[in-house]
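In what follows, a single structure is set out as structure tokens and then discussed.
The values are calculated or read from the model by the stated rules, or taken from the named source; none is laboratory data. What you see is a predicted model; the values in this text were computed from it and never measured. When we count neighbours, we look across all protein chains shown, and the Cβ atoms used for this are built from the backbone with ideal geometry, even at glycine.
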Amino acid sequence: MKKEFSLEHRRYLAKKKQNAALVWALRFGILALLLGIWEAVTAFGWADPFLTSSPSRICKTIMSLYSDGTLFYHIGVTLLETLIGFAIAVVLGCAVALLLWWSETVRKVLEPYIVVLNALPKIALGPLIIIWFGTGSEAIVFMTVLVGIIVATLHMLNAFMATDGGKLLLLRSMGAGKLQILQKLVIPSSLPSFISMLKVNVGMAWIGSIMGEYIVSRAGLGYLIVYGGQVFKLDLVMSATFILCILAAGMYALVVLLEKVIVKNAES
């Protein structure tokens, strides 16, 4: 059955759509302005394009990678490593956070170690990761997991521990067990924090995978950045960085879409 809205509500929805369109127009306008200034600066010789590259040179480099058949190969390698590492980090992070919430003793024992691991520069473990996993994709995936799992654990643990105390007391007074409290209260109330954790871990996953490719890789966008820097092909470096930005933005957009679906289902 079709819903009928009042005139005021229709005006409100129309204004909301106009504001959304304005925001997107301004976003693309700012991006176009920045790219235009960048291109003009190099075109008029105010900056050396060898050192700064330019949008037109980046486009030519990307087309060159596409022509020789390596563009989607490198994208696919990095994207697969990132997605696998992201998924493992999120699942394991949520599982560890759940264990720490479930047992106060375990939480008190392990929490200092988790904090120390979070502060540890992960790249310092690079030589050990190479020894443990070799020079293949497994090492890069492990680095991605290592970067993201602590963030996921701490984020979700804080969400679980922040559950409303009054509601917890109410459920306990009604005889609810820990599993029932988890299912009926803790997990539903932590969904916004879960989405927030996913948004943060999108960036962490890309940091981890590119960091891993810096250390050891034979292919991927991180490999292109390292190789381009070594042979002073800065157009290649900027092109790979630009592609990384597009992929990260797309992955973030998927998380935002998931957030809208969850919110819509929660409201219905």
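Looking at segment 115-125 only, could you name the residues that are among the hydrophobic types (A, V, I, L, M, F, W, C) and part of a helix (DSSP H, G or I)?
Keep residues of segment 115-125 that are among the hydrophobic types (A, V, I, L, M, F, W, C), which gives 115-117, 119-120, 123-125.
Once the filter is applied, which keeps residues that are among the hydrophobic types (A, V, I, L, M, F, W, C) and part of a helix (DSSP H, G or I), segment 115-125 yields 115, 116, 117, 119, 123, 124, 125.
The helices (runs of 4 or more DSSP H) located wholly in segment 126-178 that include 3 or more residues which are over 16 Å from residue 99 (Cβ atoms), modelled with pLDDT under 85 and aliphatic (A, V, I, L, M) occupy 126-133, 165-173. The condition of being more than 26 Å from residue 107 (Cβ to Cβ) and surrounded by 19 or more Cβ atoms within 10 Å (Cβ to Cβ) holds for only one of 131, 140, 123, that being 140.
The lone criterion from (1) more than 25 Å from residue 72 (Cα to Cα); (2) buried (at least 16 other Cβ atoms within 10 Å of the Cβ); (3) without any contact (Cβ under 8 Å) to a residue 24 or more places away in the chain left unmet by residue 241 is number (1).
Out of curiosity, is residue 221 over 20 Å from the mean Cα position of the chain (by Cα) and surrounded by 15 or more Cβ atoms within 10 Å (Cβ to Cβ)? Don't jump to the end; show me each part of the working.
On the way: over 20 Å from the mean Cα position of the chain (by Cα): no; surrounded by 15 or more Cβ atoms within 10 Å (Cβ to Cβ): yes.
Considered against the rule, which asks whether it is over 20 Å from the mean Cα position of the chain (by Cα) and surrounded by 15 or more Cβ atoms within 10 Å (Cβ to Cβ), residue 221 comes out as no.
Close contacts from segment 43-67, counting a first residue that is without any contact (Cβ under 8 Å) to a residue 60 or more places away in the chain and a second that is among the aromatic types (Phe, Trp, Tyr) and exposed (fewer than 14 other Cβ atoms within 10 Å of the Cβ), with Cβ to Cβ under 9 Å and a gap of 6+ residues or different chains, come to 66/72.
Let's see how each residue does on (1) in the same structural domain as residue 138 (by TED's automatic domain parsing); (2) among the small types (Gly, Ala, Ser); (3) surrounded by fewer than 15 Cβ atoms within 10 Å (Cβ to Cβ); (4) touching a Ser or Thr at 6+ places or on another chain (Cβ under 9 Å):
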position	(1), (2), (3), (4)
206	yes, no, no, yes
212	yes, yes, no, yes
216	yes, no, no, yes
226	yes, no, no, yes
230	yes, no, yes, no
235	yes, no, no, yes
247	yes, no, no, yes
250	yes, yes, yes, no
255	yes, no, no, no
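Residue selection: residue 151 satisfies the criterion of being surrounded by fewer than 22 Cβ atoms within 10 Å (Cβ to Cβ), touching a residue at least 24 places away in the same chain (Cβ under 8 Å), under 19 Å from residue 201 (Cβ atoms) and among the aliphatic types (A, V, I, L, M). Listed conditions (1) surrounded by fewer than 18 Cβ atoms within 10 Å (Cβ to Cβ); (2) under 24 Å from the mean Cα position of the chain (by Cα) are all met by residue 164, apart from (2).
Only one residue in 51, 35 is of a type in the set (A, V, I, L, M), modelled with pLDDT under 90, in contact with a Pro (Cβ under 9 Å, 6 or more places away or on another chain) and not assigned by TED's automatic domain parsing to the domain that holds residue 240, so which one is that? Spell out the reasoning first.
Details: 51 fails: in contact with a Pro (Cβ under 9 Å, 6 or more places away or on another chain).
Only one candidate qualifies: 35.
When you scan segment 10-17, do you find a residue that is at pLDDT 85 or above and not aliphatic (A, V, I, L, M), even just one? No; the residues of segment 10-17 include none that is at pLDDT 85 or above and not aliphatic (A, V, I, L, M).
For every residue, the table says whether it meets (1) at pLDDT 90 or above; (2) in contact with a Ser or Thr (Cβ under 6 Å, 6 or more places away or on another chain); (3) surrounded by 14 or more Cβ atoms within 10 Å (Cβ to Cβ); (4) assigned by TED's automatic domain parsing to the domain that holds residue 218.
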| site | (1), (2), (3), (4) |
| --- | --- |
| 79 | yes, no, yes, yes |
| 84 | yes, no, yes, yes |
| 89 | yes, no, yes, yes |
| 93 | yes, yes, yes, yes |
| 107 | no, no, yes, yes |
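Of everything in segment 179-220 that's of a type in the set (Lys, Arg) and assigned to a helix (DSSP H, G or I), which residue is modelled with the highest pLDDT?
Among those that are of a type in the set (Lys, Arg) and assigned to a helix (DSSP H, G or I), it is 199.
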